[in-house]
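The values are calculated or read from the model by the stated rules, or taken from the named source; none is laboratory data. Owing to the predicted nature of the structure, the values given are computational and were not obtained by experimental measurement. All Cβ positions, even for glycine, are placed from backbone atoms using ideal geometry, and neighbour counts span all protein chains on display. Quick note on the areas: whole protein, heavy atoms, side chains included, nothing else; ligands and nucleic acids left out. Shrake-Rupley method; radii C 1.70, N 1.55, O 1.52, S 1.80 Å.
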Amino acid sequence: MSFLLIVFMVLQGTGEPRYMEPDRTLVDIVDVQWAPWASLSPDGSSWLMVTSRQNPSIEELAMEEIRLAGMRFSPRTLAPTRSGRYTGLSLMRYPRLETVEVTGLPPEPLILRVSWSPDGTKVLFTNETAEGVELWVIDAESAHARMLTGPVVSLSANEFPEWLPDGSGILCCTVPRDRGAPPSEDPVPSGPVIQETSEGQTPARTYQDLLENPYQENLFEYYMTSSLTLVRLDGTMEELGEPGMIWYFSPSPDGLYLLVSRLVRPFSYSVTAGRFAERVDILDMEGGFVCGIADFPVRDHIPIATGSTYQGPRNISWRSDADATLCWVEALDGGDAGAEAELRDRVLMLRAPFQSDPEVLIELDNRFSGVQWSSDTLAVVSGWWWPTRNWKAWWVRPGDPNSSPALLFDHSWEDRYGDPGTPITRPDRRGGDVLVTSPDGSSIYLQGDGASPEGDRPFLDRLNLSTMVTERLFQSSPPCYEEPRGFVDEECTELLFTRESPDDYPDYFIRDLANGSEVQATFRSNPLTMFSGMTKELITYSREDGVELSATLYLPPGYSADDGPLPMVMWAYPQEFRSADAAGQVSGSPFTFDYIGWWSPVVWLTQGYAVLDDPAMPIVGEGDEEPNDTFVQQLVMSAEAAVDEVVRRGVADPERIAVGGHSYGAFMTANLLAHSDLFAAGLARTGAYNRTLTPFGFQSEDRTLWEARDVYIEMSPFMSADMINEPILLIHGQADDNAGTFPMQSERFYSAISGLGGTARLVMLPLESHSYRARESILHVLWETQEWLARYVRDR
C-alpha cells in the first residue's frame, strides 16, 4: 500500500511529530569525528591543527536568524548562521613534529575563522558566544590563546578580521557603539510595495531571501552597519572613519592605505546584496578619505549569458607584491557575454598616490579569471570563456605594462587529461599571496589533478620560464592517492603532501625532492571500521552513441560473486559538455580514501546494497547544438548504459535498483523515473522540477524560457508527472536558499504526483537549507531513505 503523506516527521499514535533515527550503524557514521586539518604558518615551521565541529542540534538551528538580501546571520551574535564552526586547536612543530595543545582557549569554543600573522608568530581567530563574536589571538611559541576583544565583532557581511601587513594589529568590523535598538515594524502598512520597470532588461536568476518592503530595508541597513576598527595586540581599539555598511576592506601591503567598500542606498528587491549600490574608496590608516575608486548603482541589468558581468571596475584589489598599487578589471564588451566582441576585459593598475591615469596591464579576449603576482617582471593573468570552455594564462611584466604578454597555456578545461596544472602561491612576508618561484626566480610551480584513463594522479611540475620546459617533481602513484599541499621551506625542496588509500585515512608526509626521502608527520586511524573489507572499483563502459562513461562501483564487505546480484543504489549528477571526447574522460581515482558521511550513497553498503557512485551523466552539445536540446535522451542513454553494465557484471538485480541525487541530481532522478523504466524507486533531495519557475536560466542553460520554450518544458519532470509510475521520495529543506530550488518546487511536484495517483512521499525539513546540518534532520533523512529503500527496492 502506498502512503501519500505531506510530512516532515513521522506521526506517531499521539499525533505528535518527532524525528526518527535509522539503523545504529548509520547513526555511528553520522557521529564520526574526523581528524583535524592543517593550516601551515607562512614559513612552514608551525602547523595549526583544526578540529571541525560535528553537526549542530536542531535547537541551535531554531535560534533566531535574519534572512535579508541573500544574507543569513544571527541578530544576537551577528555571525553567519550557515557556516561551520571549529571546536579544537593544537600546534605541530616542524621539523620536530611534536604536537602541543593550545592552552587558554575559551570554554566550549565555536571558532569561525583562523588566520596566521604574516610573520607566523601568531594566529587570530573569532569565537562566537551567546553575547556575540570575540577576537582572540594565539602566540605560536607558547601555544597560548588570549582574548583581545569582548563580543563586539560584526560578521554580518561575512567580512572576517584581517592582519595588518606588519602583524602589529588586526582590522575588523565592530558593532557601532551607539547602534541602539533595531527598527520596529509598523503592523499597519503605510501603502503598497511598488516596483516598476521601463527601460532596459533586468533578467535575474531566482534568488532567495530578497528584500520585500521598506521595513526590511531599514532592518538590513541596521544590521549591516558596522565600524571599521583597528585592534592592537594589547587589546586597544581605534575606529577608522564613520560607521557604514562595510562590504569589504583590505590594507595595502605597505600598511599605509585601506581599500574599503560600502553598500549604499538605494537597495533592490530583485537582486541580492552583492549587486546593491556600492562605493569603493581608498582611505588612510586613520580612516581619512584619500580618493574614490568606484561608485556603482544597483547592478540589476546584467545579462544572463554565462560570463556576463557589470560595467565599471570590478575585482578591485591590491597588487600583493607591491607597496600600494591597485588592480582592477573593466569589461570591454559592455559586460554582455552574448555580444560579439574581439576583446572582453581589460586589467588596469593604479599606483599610490593614486593621482595619475591607470596603466593597462593586459587586454583579454576571454573573461578575466584571476591574477597571481610575483614581481615587476612576473605575474600570471588567467581568463576563461564559457561557450568554448577555454582557459588561458599569460605571463605579464607589471613593471613594464608596454611589454607584450606571453601566452603560457591555452586549453579547454573540459579536457582534464590535457590540464597543464595551475600556478601555486604562498604568503609572503607581508601576508599577501604571491607565486611560488624557484630560488633563482627562473621557474614557477604548477599543480594539477593528473587525470588519466586510470584515474586522477595529482602532480607537481616546475616550469622554466626561459625554456618553457616543465620538469615533473612529484606524482601520485598506485596503490595510493597522493596530493601536494605546499612547500615547507623557502628553497622549495621539502614538499608537504597527503597520502591515502581506500583503507588508509589521509596522513601528512614530507618528501625531500632532492633525495626522495620521506617523513610521516601524522599517524591517523580509519574511523570508518564498518566499511573494512568493502570493494571499490573504478569501472568504464560506453553508452549507445559511443560516449565513454565511468563510475565507481562499491560492494559490501564480505561480498562474493556466489552471493549473486544485490539491490543497488545509484547516485549521480548530470554535467554539460561541449565535447564528446571530453565527456568520456575518467574522473576520480580508485585509490582515494572515501570520507563516507551521511551525504554519501556508500553508507548503504552497511544495509546490504551495492552502490554505483557518480556514474557519468554527460549532456553533450557539440558545434551549434546546445547540450540541453537533447537532455532527456542523453540522460536516459547514460543511465541505461550504467544499469546494463552493473547487471552484466552480475552485481545488481535489474529489478531492484534505486536512483538518487541532490539538487540537479534530484532533477535528474525525477526525469529518469518519468522517461524510463530502469529503476524501482527514486531518491530526490532538494531539487527543482519545473523549469518554467526558473525562466531566466538554470544550471548551465543560458537561454531564457522564451528563447527555448520547448526545452524548458521537455526538461521539466513536473510536466511529465503523469509518466512517473515508480515511487519517489522527495526531501527538501524548508529554508533552502539556493537559487532556483525554492521549497515550493518539491511541494508542487508532490502535489502533481499525488493528484495523478502516483506514489510519492514529501519530507520537508524545518530550518534546513540547501544542504542539511542538524543532527536530528540528518538522522531523519537517513531513516526516511532506509525505509523507502527497504519497502520499494530491497523487499519488492
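With both labels modelled 7 Å from their Cα along Cα-to-Cβ, the ALA406 to ASN315 distance reads 2.1 nm.
Remark on segment 147-306: hydrodynamic radius 17.6 angstrom, per the Kirkwood mean of 1/r across alpha carbon pairs.
The separation of segment 129-181 from segment 765-796, counted between C-alpha centres, amounts to 39 Å. Restricting segment 493-592 to GluC sites (Glu not before Pro) that sit in a DSSP loop and have at most 14 other Cβ atoms within 10 Å of their own Cβ leaves GLU544. With the convex hull constructed from alpha-carbon coordinates only, segment 580-632 shows a mean projected area of 5.4 nm² over all directions.
Cα centroid separation, segment 206-227 to segment 639-682: 44 Å. Length gained on full extension, GLU640 to SER168: 163.7 nm, using 0.36 nm per residue less the C-alpha separation.
Nothing charged except the Cβ atoms of Lys and Arg (+1) and of Asp and Glu (-1): what's the magnitude of the dipole of the chain about its Cα centre? Round to the nearest 20 debye. It comes to approximately 1160 debye. Across segment 587-739, the convex hull enclosing all Cα atoms gives 143 Å³ per residue. Where the alpha-carbon atoms of segment 537-661 are placed on the principal axes, they occupy 50, 29, 21 Å, in descending order.
Near ALA514: Cβ cut-off under 10 Å, other residues only, Lys/Arg at +1 and Asp/Glu at -1. The net charge is -2. Helical content alone sets the calculated 222 nm signal of the chain at -3500 deg cm²/dmol, taking -39,500 (n - 2.57) per DSSP H segment of four or more residues and averaging over every residue.
Checking every one of the chymotrypsin sites (Phe, Trp or Tyr not before Pro) in segment 619-715 against DSSP loop status and a limit of 14 other Cβ atoms within 10 Å picks out TRP706. Choose one of SER443, LEU378, SER477: the residue whose Cα lies farthest towards the positive end of the charge dipole of segment 355-485 (beta-carbon charges +1 Lys, Arg; -1 Asp, Glu; about the Cα centre). The Cα lying farthest towards the positive end belongs to SER477.
Shown here: segment 711-792, whose C-alpha atoms stretch 36, 33, 19 Å along the first, second and third principal axes, sorted largest to smallest. A simple spin-label model places the labels of MET349 and ALA130 5.4 nm from each other, with each point 7 Å out along Cα-to-Cβ. For the chain, the solvent-accessible area with a 1.4 angstrom probe is 41 square angstrom per residue.
Were the residues from LEU513 through TRP386 laid out at 0.36 nm apart, the gain over their Cα-Cα distance would be 42.0 nm. Ranked by the mean number of other Cβ atoms within 10 Å of their residues, highest first, the peptides 266-273, 620-627, 668-675 fall in the order 668-675, 266-273, 620-627.
Counting only protein heavy atoms and a 1.4 Å probe, tell me what percentage of segment 592-747's accessible area is made up of carbon and sulfur. For segment 592-747, the apolar C and S fraction of the accessible surface comes to 47 percent. Among the helices of the chain, those built from whole DSSP H runs whose Cα atoms reach 20 Å or more along their own axis and whose mean Kyte-Doolittle hydropathy is at least 0.5 are 631-648. With the simple spin-label model, which puts each label point 7 Å out from Cα in the Cβ direction, the THR236 to ARG649 separation comes to 6.7 nm.
Beyond 14 Å, what share of the Cα-Cα pairs of segment 209-296 is found? Please give it as a whole percent. Every Cα pair in segment 209-296 considered, those over 14 Å come to 67 percent. Restricting the calculation to Cα atoms, every distinct pair contributes to the Kirkwood radius of the chain, found to be 28.8 Å. Note on SER190 and ASP357: the extension gain reaches 55.3 nm, defined as 0.36 nm multiplied by sequence separation minus the Cα-Cα distance.
For segment 315-427, the extents of the C-alpha atoms along the principal axes are 43, 33, 23 Å, listed from largest to smallest. FRET efficiency for the TRP599 to HIS144 pair, using the beta carbon distance and R₀ = 45 Å, is estimated at 0.75.
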